[in-house]
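Visitor: The following block contains the structure, expressed as structure tokens.
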Amino acid sequence: MAIRDVLQEHLDTISTVDLAIFLLSTVLIWLAIRKAHHATRGPLSAFPGPRLCAWTDLPQGYWKVTGREHEIMADIHSKYGPVVRIGPRHLSYIGTATIWPEIYGEKVGYAKCLPKDKRLYDLIEDCFGWKDSLAAAPDDHKVIRKLVVSSFSPRMNVHFEPRYKGWMKKMVEQLVPIAERAEIMDLGKAFQCVAVDLQTDLVLSVDAGSLKTLDYPPTKVVVNGSLQGVAVAHALRLFSPTIGRAVQKTIVNIPHVRKLLDNFAVTLSKRIDARLADPPPTNDVLTEVLRKTELSPVPIPKDQFYSTTKILTVAGPEAMTSAMNTIGYHLFREPETFKTLVNQIRTRFKTQDDLSVKALSEMDLLTAVIKEGHRLYPLPPGILPRCTPKEGAWVQGVWIPPNTSLGVHQWATYRSDTNFHDANGYHPERWMGHPKFKNDRLDCVQIFSVGARRCPAEIFSWYVIRLVFASLLLNFDIELADEASEWPQQKSYWIWRTRPLMCRIRPAKKTVAA
Ligand code: HEM
């Protein structure tokens, strides 16, 4: 019998359902073999890591949702080494002075910077519809960034110094009555309020009025309320960008959530419109942004201009507050460092008016305290993910295949014993050349990132953080309250969900007994 006849005979006896099951099984088996090959023999199989992570992004997604991803990743790095495979297409690195520029720096010229991993960065655009510089694609980013960098130049910081000092005075005035009653308060509120008011004034010449109430502004409610949702959306996008986006769209369109997000965006838009209609007598950041917009050889779309202005008034204060919380918490719980710094400040400056950005930048202990705080609770604690392009990329002499998400894990880097002596301990003296810490790799700390997409407001942040702490220590005696004992247990959902920083404040004595 010819082969054709045999096949014909069998096909006649196979039902359509059997055929469908057969085809489906074949596809599933083929997919399973492909997955197994990618997990165990693919180009990333040479990297160590938890076995399940080579097969699926589920563990990584789960860690993100728990809010404890930072600690889990530090454990994973100490078990598997400096480069770990944390997903089928994900690598996490312990940062060093050379790894940072390799992943985040310009490779050859600007265009060769690794693009951001959209699975995280598109989340913001999909929530608010903002096309800001954080999430912008490389070409758009090039244009948007020019709008903001000059606003934070050293020259502009000198121009803005009287404004900074004005806001410090207002913060102190608001805290004086509380100190006179020796009350316990959440000092995090003072950090948040001064950051929001100062920044809104700087960008839009508007008084946001937060310090007047000394309470968290409405933006904080939106940010804190959405953090875990953002982590869930991110986790789903790792698993499947399409499903993740669909679920996120469903959530943000729940009427209550939509209203909250829209109110948030509309309030900001109205503030920008009001400022545009009524220019202030002295230049603010928007003056600079408008000037750059007019000079730009490429027309800047209106939505990009608004989004950029919005991100400056929202992302900045959030980052500053988070940084000041961690710097404060660690400083206030170390009596020796605290007393030494207080005495230095009260000896050098007699009144609030004496504080100047230049003089403060010469105070080594203050600088060290800020750096050590940044190191212990970096923002963000996790990875700023980048993605390899279609031709792949070379990192540390190893070829990484296309569409691999990779980045430096900040928390794991800064808590690694390979980089720091007593990595989990608080030692500002490591930044002051103390011999005990001579082997510390201080240059692996890049809290503001590096390369074309690093933070444009680094100098500004330094100025303001120094002024805030000097103002507090000059005017108040501060003590951590028992209620602050749980502060370190705060969770991270890409950024920190900060816990209250409960402190008792009193009017300052002249110097503090050593
Ligand atoms: C201690 C405070 C701050 C820290 C630790 C910090 C950290 C960072 C980091 C790590 C990035 C890179 C993000 C990425 O690669 O996705 C970044 C970007 C950015 N930061 Fe900051 N930042 C701080 C304060 C501020 C302030 C006060 C402002 C606003 C005035 C600001 C505005 C921005 C903007 C606009 C970007 C996007 C830059 C770009 O894409 O070109 N930051 N920041």
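Values quoted throughout were computed directly from the atomic coordinates according to the rules given, and no laboratory measurement underlies them. Since the structure is predicted, the reported quantities are computational estimates derived from the model, not experimental observations. Cβ sites come from the backbone with ideal geometry, for glycine too, and all protein chains shown count toward neighbours.
Visitor: Would you mind pulling out the separation of the Cα centroids of the range 212-257 and the range 141-183, in Å?
Guide: Their Cα centres are 29 Å away from one another.
Visitor: Sort 381-394, 249-262, 113-126 for me by packing, meaning the mean count of neighbouring Cβ atoms within 10 Å per residue, highest on top.
Guide: 113-126, 381-394, 249-262
Visitor: Tell me the net charge near ILE505. Cut-off is 9 Å between Cβ atoms, ILE505 excluded, with +1 for each Lys or Arg and -1 for each Asp or Glu.
Guide: Once positives and negatives cancel, what remains is -1.
Visitor: Rounded to the nearest 5, what % of DSSP beta bridges with both residues in the chain are antiparallel?
Guide: Among the beta bridges of the chain, antiparallel pairing accounts for roughly 85 percent.
Visitor: Please sort 412-420, 285-293 by packing, taking for each peptide the average over its residues of neighbouring beta carbons within 10 angstrom, highest first.
Guide: Output ranking for 412-420, 285-293: 412-420, 285-293.
Visitor: Further question on the same structure: Restricting the calculation to Cα positions, tell me the Rg (one decimal) and the Dmax (whole number) of the range 1-71 in Å.
Guide: Looking at the range 1-71, its Cα Rg and Dmax stand at 21.2, 69 Å.
Visitor: Suppose the chain between PHE448 and THR347 were pulled fully straight at 0.36 nm per residue; how much longer would it get relative to their current alpha carbon spacing?
Guide: 33.2 nm
Visitor: Beyond a 21 Å Cα-Cα separation, which of these cross-linked pairs lie in this structure: LYS371/LYS509; LYS116/LYS270; LYS169/LYS350; LYS350/LYS371; LYS146/LYS358; LYS339/LYS438?
Guide: Correct reply: LYS371/LYS509; LYS116/LYS270; LYS350/LYS371; LYS146/LYS358; LYS339/LYS438.
Visitor: Let me ask something else. Assign one of three labels to the range 201-252, namely rounded, prolate or oblate, based on the Cα gyration tensor with a ≥ b ≥ c the square roots of its eigenvalues; rounded applies when a/c is under 1.5, prolate when it is not and a/b is larger than b/c, and oblate otherwise.
Guide: It comes out prolate by the Cα gyration axes.
Visitor: Report, in degrees rounded to the nearest 10, the 0 to 90 angle that the Cα long axis of helix 458-475 makes with the longest principal axis of the chain.
Guide: Around 40 degrees separate the two axes.
Visitor: Okay, next question. Specify which residue in the list PRO280, VAL17, LEU28 is farthest towards the positive end of the charge dipole of the chain, using unit charges on the beta carbon of Lys, Arg (+1) and Asp, Glu (-1), about the Cα centre.
Guide: Among PRO280, VAL17, LEU28, the one farthest towards the positive end of the dipole of the chain is PRO280.
Visitor: Let me ask you something else. If each residue of separation counts as 0.36 nm, what is the full-extension length gain between TRP55 and ALA246 once their alpha-carbon separation is subtracted?
Guide: Between TRP55 and ALA246, full extension yields an extra 66.4 nm.
Visitor: Provide Rg over Rh for the chain; use the alpha carbon set for both Rg and the Kirkwood Rh (inverse mean inverse pair distance).
Guide: 1.04
Visitor: Based on the alpha-carbon gyration tensor of the range 271-428 and its eigenvalue square roots a ≥ b ≥ c, which shape applies: rounded if a/c is under 1.5, prolate if not and a/b is larger than b/c, or oblate?
Guide: Oblate shape, in that a/c is at least 1.5 and b/c is the bigger or equal ratio.
Visitor: Specify the angular offset, from 0 to 90 degrees and rounded to the nearest 10, of the alpha carbon long axis of helix 3-13 from the longest principal axis of the alpha carbons in the chain.
Guide: Roughly 70 degrees, rounded to the nearest 10.
Visitor: Ok, one more. Measure out, as a whole number of angstrom, how far apart the alpha-carbon centroids of the range 449-514 and the range 9-30 sit.
Guide: 66
Visitor: At a 10 angstrom cut-off on C-beta neighbours, averaged per residue, how do the peptides 162-170, 17-25, 232-240 rank from highest to lowest?
Guide: Output ranking for 162-170, 17-25, 232-240: 232-240, 162-170, 17-25.
Visitor: Turning to a different aspect of this structure: Compute the angle between helix 241-252 and the longest alpha-carbon principal axis of the chain, please, reported from 0 to 90 degrees and rounded to the nearest 10.
Guide: Its long axis makes an angle of about 50 degrees.
Visitor: For the range 386-487, rounded, prolate or oblate, judged on the Cα gyration tensor with a ≥ b ≥ c (square roots of eigenvalues), a/c < 1.5 rounded, else prolate if a/b > b/c?
Guide: Prolate, since a/c reaches 1.5 and a/b exceeds b/c.
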